[in-house]
1. Suppose R0 equals 22 Å; then what is the FRET efficiency for Q158 and E203 from their Cβ-Cβ distance, rounded to the nearest 0.05?
2. What ranking of V168, V55 comes out by heavy-atom accessible area, probe 1.4 Å, highest first?
3. Of K32/K66; K35/K69; K149/K169; K131/K196; K110/K131; K120/K196, which sit over 20 Å apart, Cα to Cα?
4. Leaving ligands, DNA and RNA out of it, rank K204, K36 by accessible area with a 1.4 Å probe, largest first.
5. Which order do I187, I3, I180, I13 take by accessible area at a 1.4 Å probe, largest first?
6. At a Förster radius of 35 Å, what calculated FRET efficiency corresponds to the Cβ-Cβ distance of T113 and E28, to the nearest 0.05?
7. For K79, give me every one of the aspartates and glutamates with a C-alpha distance below 16 angstrom, ignoring sequence neighbours fewer than eight places off in its own chain.
8. Provide the per residue accessible area, probe 1.4 Å, for the chain, rounded to a whole number of square angstrom.
Amino acid sequence: TPILTQAREFYNIGRDRLSKGLLDKALEAFLKAEKKNDTDFLTQYVLGHVYLYGVNEDCNLVDLPKAEKHFRDAARYAKPEVPHLPEAQKYCGEAYFHASVACYAQASEKQQTRDTAEAKRLLSEAVTLAKRATEVYPEFSEAFYQYAKTCAVAGETQAALQSLEVAVKTDRNYCLKADIDRDFAGIRPNILQLFKTLCQQAEKEAKTASTE
């Protein structure tokens, strides 16, 4: 339809401007695309990115509540498209992940201003959204790491360890990342024990493989 065509044209204009680093102008185009078709998950997804990561030497468009909203909308609108468009599953899972990041960042800000009740609520939302990301798109290892670190801060030690184990088994670099991540400070002994157990398992598997 003409309206959907216009929405796609504004979206493409926004992508072109974004590739050139014109963040504010890209945002203008994406917002026009949203007005034409607000249920397009790609538009909602890229708007979330602009509001969460949109910083360069010329402008700062970061707005965490808006980022959270757009990523939530992206996940919502991508979900019904999954049966017809397999790629939508990836966007849905990643949208939940980035929404979790946005909530977690807001929780940190609230904690600094001593708004502990709101910080706790936002942290809980970050945990829930990260878990959804692992369920919707389990191929995305970063979602498991995000779920692990939010659980660690929330005091959910067992869930944190289980999720971190999945991430590490996918990519061992998560061992290094977790080792310097302050969010795991409260369960550092548990993390070290997990790494030790995984190393022992790897050595055992290597010895078994060498004797076959």
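The values are calculated or read from the model by the stated rules, or taken from the named source; none is laboratory data. Predicted, not measured: the structure shown is a model, and the values here were computed from it. Here the Cβ is made from the backbone with ideal geometry for all residues, glycine too, and neighbour counts use every protein chain on show. SASA here: full protein model, heavy atoms, side chains in, ligands and nucleic acids out. Shrake-Rupley method; radii C 1.70, N 1.55, O 1.52, S 1.80 Å.
1. My answer for the efficiency is 0.35.
2. I get V55, V168, largest accessible area first.
3. Among K32/K66; K35/K69; K149/K169; K131/K196; K110/K131; K120/K196, the Cα-Cα distance tops 20 Å for K131/K196; K110/K131; K120/K196.
4. Accessible-area ranking of K204, K36, largest first: K204, K36.
5. I180, I3, I13, I187
6. Working from the Cβ atoms, E equals 0.65.
7. Straight-line reach from K79, under 16 Å: D38, D40, E87, E94, E135.
8. 57 Å²
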